[in-house]
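First the structure, in the form of structure tokens, and then the observations on it.
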Amino acid sequence: MPLLESIFSKIAMNGEVPRYTSDYAALERLFRTKTDVWNFEKDGYETARFDRIVDLARRVPHDSILEVGCAEGHLTRRLAPLAGKMAAIDVSATAVERARRAVPDADIRQARLEDARWDRKFDLVVCSETIYYLKDIPAAIRKLNSLGRYVLVTYTLYEKNRLDPIFSRIPAILNTSFNYLKFFDADRIVNWRGIRIVLWWSGAPWR
Ligand SMILES: C[S@@+](CC[C@H](N)C(=O)[O-])C[C@H]1O[C@@H](n2cnc3c(N)ncnc32)[C@H](O)[C@@H]1O
């Protein structure tokens, strides 16, 4: 079964295998090489994923939102209308510069989650498709908890075997998935992808 799953996911991804790296200099080089590196604006999966996240964020009581790992601000731009105060961080200076242009009213800073400090706690911290770049996931979860009252994390289902055991230890308000299947979508024969979505109260005890 894992073999079949792996073959099918390779066909679905058109041979493109995701590579996640904690090499932040490599991420910066990636952003310098091209814009919209993950095809966020044209890929139906990505826009459907954003819609799902925004829909969930809307249901959490919030005035202020912090997005961790905002890239060029594609999701930030969609979250901003929901928030009285929208802030975001990313490790890449180039991405931050573009995100500031995309969402001029938001407070967007170049920072690594590991070092992020704020003079206030946000109502909601959204860390979408970023957690798997971090080497120490439990430390990243503790850091996210320190930054907000509610935390919403999403990660690709390609990372589920590694990350589910960690995130299932959190007493979450919501632990669900978003699945997407479309034929002949975004230059793929089959666009079959998905994310795990975990939402929790940052005061909840976890082991
Ligand atoms: C795949 S993008 C996610 C963009 C957006 N959040 C979304 O859901 O589409 C991941 C981003 O996380 C950033 N990133 C990676 N490690 C980070 C860290 N330790 N602190 C802050 N940002 C980080 C990368 O530079 C990249 O822009």
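The values are calculated or read from the model by the stated rules, or taken from the named source; none is laboratory data. Keep in mind that this is a model prediction, so the values were computed, not measured. We place every Cβ from the backbone using ideal geometry, glycine too, and count neighbours over all the protein chains shown. Heads up: the accessible areas ignore ligands, DNA and RNA and are worked out on the full protein's heavy atoms, side chains in. Shrake-Rupley method; radii C 1.70, N 1.55, O 1.52, S 1.80 Å.
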Could you list, in sequence order, the residues of the stretch 119-136 that are out of contact with any Asp or Glu (no Cβ under 6 Å at 6 or more places or on another chain) and at pLDDT 95 or above? 121, 122, 124, 125, 127, 128, 129, 130, 131
In the stretch 123-163, anything aromatic (Phe, Trp, Tyr) and farther than 15 Å from residue 204 by Cα is listed as 132, 133, 155, 158
Residue count, the stretch 126-159, condition open to solvent by 40 Å² or more (accessible area, probe 1.4 Å) and within 12 Å of the ligand (Cβ to nearest atom), comes to 2
Name the residues in the stretch 122-137 that are closer than 22 Å to residue 27 by Cβ and more than 16 Å from the chain's Cα centre (by Cα), would you? 136
Condition set out of contact with any Phe, Trp or Tyr (no Cβ under 9 Å at 6 or more places or on another chain) and farther than 22 Å from residue 138 by Cα, scope the stretch 84-95, selection most open to solvent (accessible area, probe 1.4 Å): answer is 84
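It is to be established whether one or more residues within the stretch 118-125 are more than 18 Å from residue 36 (Cβ to Cβ), in contact with a helix residue (DSSP H, G or I) (Cβ under 9 Å, 6 or more places away or on another chain), open to solvent by 10 Å² or more (accessible area, probe 1.4 Å) and near the ligand (Cβ under 10 Å from one of its atoms).
Taking every residue of the stretch 118-125 in turn, none turns out to be more than 18 Å from residue 36 (Cβ to Cβ), in contact with a helix residue (DSSP H, G or I) (Cβ under 9 Å, 6 or more places away or on another chain), open to solvent by 10 Å² or more (accessible area, probe 1.4 Å) and near the ligand (Cβ under 10 Å from one of its atoms).
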For the stretch 42-83, which residues satisfy the criterion of being under 22 Å from residue 185 (Cβ atoms), open to solvent by less than 20 Å² (accessible area, probe 1.4 Å) and β-branched (Val, Ile, Thr)? 53, 54
